[in-house]
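Structure first, commentary second.
The values are calculated or read from the model by the stated rules, or taken from the named source; none is laboratory data. Just so it is clear, the model here is predicted, and its values are computed rather than measured. Ideal geometry is used to build each Cβ from the backbone, glycine not excepted, and the neighbour counts take in all protein chains shown.
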Ligand code: PMP
């Protein structure tokens, strides 16, 4: 196999070729959002220079062209997730909206007083709050799978939580805060054995892990383009056809209807039933180029590279006095979360920034998880296709110096 050419991959990302605070930028905030390759930037530029037009209802050439390109991305996503049918892919503005869509349509439809929804202690707020909101509305109960000291889910506790009251299980594929890869295959099959629906939050998985929604037999799978080298403001929801068809619509407006009159309105077929209003056309079109960027390098090649970065960084940082890694699961995506005893995570982030190293600090939108570990936040370095071993050396050198300041 050809060697992984990180140098030429990195050259595809113009933003990485700059200095911050007089130092070459080292971008390790990829779990928050990763950077965009030239093909994505050029697609956005080309769309507004040559193709811009509203989709699906035009009789003219530009409208046709935009519609075809927009729908091409739907097919690219279908292939990317190995979904059976293109109609099972709904465009949203991101993972957050995808989860809200399911909670507020199907959740609202099927939950009754005393029913239960299961999430995990490892979830991003966007996979907690929408469920809390619908549970409150329907007097249903939110149950939580606890996390072990390693940052892995307590699967025995999960089995005990499942009952005939369980209507939904919603869980991430990989944790943004700790990197833990969850055993979603087991989570899905156990939930299905008692007849509950399963939503997987794939925000942190799409650019690292192979995803086959048919093989997983998952009901819903959500993701965000901006975490897969694509633009912000676009995401997707995969749903099984029969489930999507059984659901009430989400927002009302243009495109989601078949016929409107004051005596009543009928709704469009999926996926359009869930896509009211003019969507984010240019960004959806650019997403196809992001998907092809990942496919051209090969997701498994990217992930192999990120795994060696993670191992290299973990080995080195473990040797530094006063550093404690939070999240030591056996299976992790390229996320290294840590604290330095005696120093505030935000100060560590600022000091790394002065060395050109961009990391995220704080609770990472996972406050219940931070509470579980008795901390307010961590410093998080997260890796992508373009990161290098030299960049890890820069991070480690910084952390070594900063840790010496701790008392
Ligand atoms: N879930 C996880 C695991 C995430 O990492 C994120 C983004 N940090 C989200 C959900 C929300 O994604 P978005 O903000 O793109 O809607």
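Find the residue count for the stretch 165-216, including only residues that are away from the ligand (no atom under 16 Å from the Cβ), in a helix (DSSP H, G or I) and over 17 Å from the mean Cα position of the chain (by Cα). So the answer is 11. Restricting attention to the stretch 54-101, the residues being under 15 Å from the mean Cα position of the chain (by Cα) and either within 16 Å of the ligand (Cβ to nearest atom) or not assigned by TED's automatic domain parsing to the domain that holds residue 216 (or both) number 11. Mind checking which residues of the stretch 112-124 are in a strand (DSSP E or B) and away from the ligand (no atom under 15 Å from the Cβ)? Hits for the stretch 112-124 are 116, 117, 118. In the stretch 75-91 there is no residue matching the filter, namely being farther than 29 Å from residue 278 by Cβ and in contact with a strand residue (DSSP E or B) (Cβ under 8 Å, 6 or more places away or on another chain).
So that you can scan it fast, the table gives a plain yes or no per residue for (1) free of Cβ contacts under 8 Å to residues at least 40 places away in the same chain; (2) closer than 25 Å to residue 122 by Cβ:
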| position | (1), (2) |
| --- | --- |
| 317 | no, yes |
| 320 | no, no |
| 327 | no, yes |
| 334 | no, yes |
| 359 | no, yes |
| 377 | yes, yes |
| 383 | no, yes |
| 396 | no, no |
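Only a single item in (1) in a helix (DSSP H, G or I); (2) more than 30 Å from residue 254 (Cβ to Cβ) is not met by residue 50, and it is number (2).
Of all the numbered requirements in (1) under 22 Å from the mean Cα position of the chain (by Cα); (2) outside any helix (DSSP H, G or I); (3) away from the ligand (no atom under 16 Å from the Cβ), residue 105 misses one, and that requirement is (2). In the stretch 156-177, the residues that are more than 11 Å from residue 118 (Cβ to Cβ) reach residues that are within 16 Å of the ligand (Cβ to nearest atom) and assigned to a helix (DSSP H, G or I) with C-beta atoms within less than 7 angstrom, at least six apart or across chains, in these pairs: 172/127; 173/184; 177/369. From the list 10, 23, 36, the one residue that fits, being closer than 28 Å to residue 366 by Cβ and modelled with pLDDT of 95 or more, is 36.
Of the candidates 271, 279, the single residue that is within 16 Å of the ligand (Cβ to nearest atom), in contact with a strand residue (DSSP E or B) (Cβ under 6 Å, 6 or more places away or on another chain) and at pLDDT 95 or above is 279.
Residue check: residue 273 meets all listed conditions (1) surrounded by fewer than 19 Cβ atoms within 10 Å (Cβ to Cβ); (2) free of Cβ contacts under 8 Å to residues at least 60 places away in the same chain; (3) touching a helix residue (DSSP H, G or I) at 6+ places or on another chain (Cβ under 9 Å) but one, namely (1). Any idea which residue in the stretch 125-148 is nearest to the chain's Cα centre (by Cα), counting only those that are away from the ligand (no atom under 16 Å from the Cβ) and either in the same structural domain as residue 324 (by TED's automatic domain parsing) or without any contact (Cβ under 8 Å) to a residue 12 or more places away in the chain (or both)? My answer is 148.
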